[in-house]
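The next block holds one structure in the form of structure tokens; read it before the comments.
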Amino acid sequence: MTGPISARRIVPAADHEALAAMDTSYETTSVYDVREFPFGFELVPRAVSPGLHRPGGQIVAELAGSPLWSDAWLAVSDGSTAGFAAVGYETWNRRVRLWHLYVDSAHRRRGVGTTLLSTVAHYASSLGASHVFAETSNVNAPAIATYLRYGFGLVGLDTSLYAATSHADEVAVYLALRL
């Protein structure tokens, strides 16, 4: 049984080890194929067998500071690190961009993502932001499902964002939450 989940601002020096220990890898048995049309697109779920496994992100490298994000939170449950979120406020369009959202594998499906998204939405509202904007890959079906459950909507895609990376066959999916 998991106890209450709380979110607090990160303290980079103090949280370094806990974040390094988080398992942010994910597995999925479905992905979204992207069908493009002249004036739109759709995401079509497709089962994959065997399932797809992706290694975790490098949260600790981000703790050194990033010009992209300015605020970050750590989710804690039963005294252990359960998740991490980092955002940046874009003043020109009054939008908070969610740069990172990770939930430790041992804490998934227990409300950690919802707690972090609620924290981010509250923070964005306090700034007068109009939206929270997020990007993920079309193969990260668990993340897309989480965003959609929380109330985000699909707002676009980028077929070239990952072109020069080891994930060149993936498509960036953009989602936004109206505040």
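The values are calculated or read from the model by the stated rules, or taken from the named source; none is laboratory data. Please read all numbers here as calculations on a predicted model, not as lab measurements. Glycine gets a Cβ as well: all are built from the backbone with ideal geometry, and neighbour counts include every protein chain shown. Just so you know, the surface numbers come from the protein's heavy atoms only, side chains and all, with ligands and any DNA or RNA stripped out. Shrake-Rupley method; radii C 1.70, N 1.55, O 1.52, S 1.80 Å.
For Leu148 and Ala20, FRET efficiency with R0 = 35 Å and r from the beta-carbon atoms, rounded to 0.05?
Calculated transfer efficiency: 0.70.
Work out the length of the dipole vector of the chain about its Cα centre, built from +1 on the beta-carbon of each Lys and Arg and -1 on the beta-carbon of each Asp and Glu, and round it to the nearest 20 debye.
540 debye
Counting helices only, and only those DSSP H runs with n ≥ 4, report the 222 nm mean residue ellipticity of the chain as the sum of -39,500 (n - 2.57) divided by its residues, in deg cm²/dmol to the nearest 500.
The helix contribution divided over the chain gives -7000 deg cm²/dmol.
Round to a whole number: what % of the accessible area of the stretch 11-169 belongs to carbon and sulfur, probe 1.4 Å?
Ligands and nucleic acids excluded, carbon and sulfur reach 53 percent.
Could you give me the radius of gyration and the Dmax of the stretch 82-179, taking only the C-alpha atoms into account and expressing both in angstrom?
13.5, 38
Within the chain, which is the longest segment that contains none of the trypsin sites (Lys or Arg not before Pro) sitting in a DSSP loop with at most 14 other Cβ atoms within 10 Å?
1-93
Keeping all protein chains in place, calculate the accessible area per residue for the stretch 32-179 (probe 1.4 angstrom), answer in Å².
On a per-residue basis, 52 Å².
Excluding ligands and nucleic acids, what accessible area in Å² is computed for Thr91 using a 1.4 Å probe, to the nearest 10?
110 Å²
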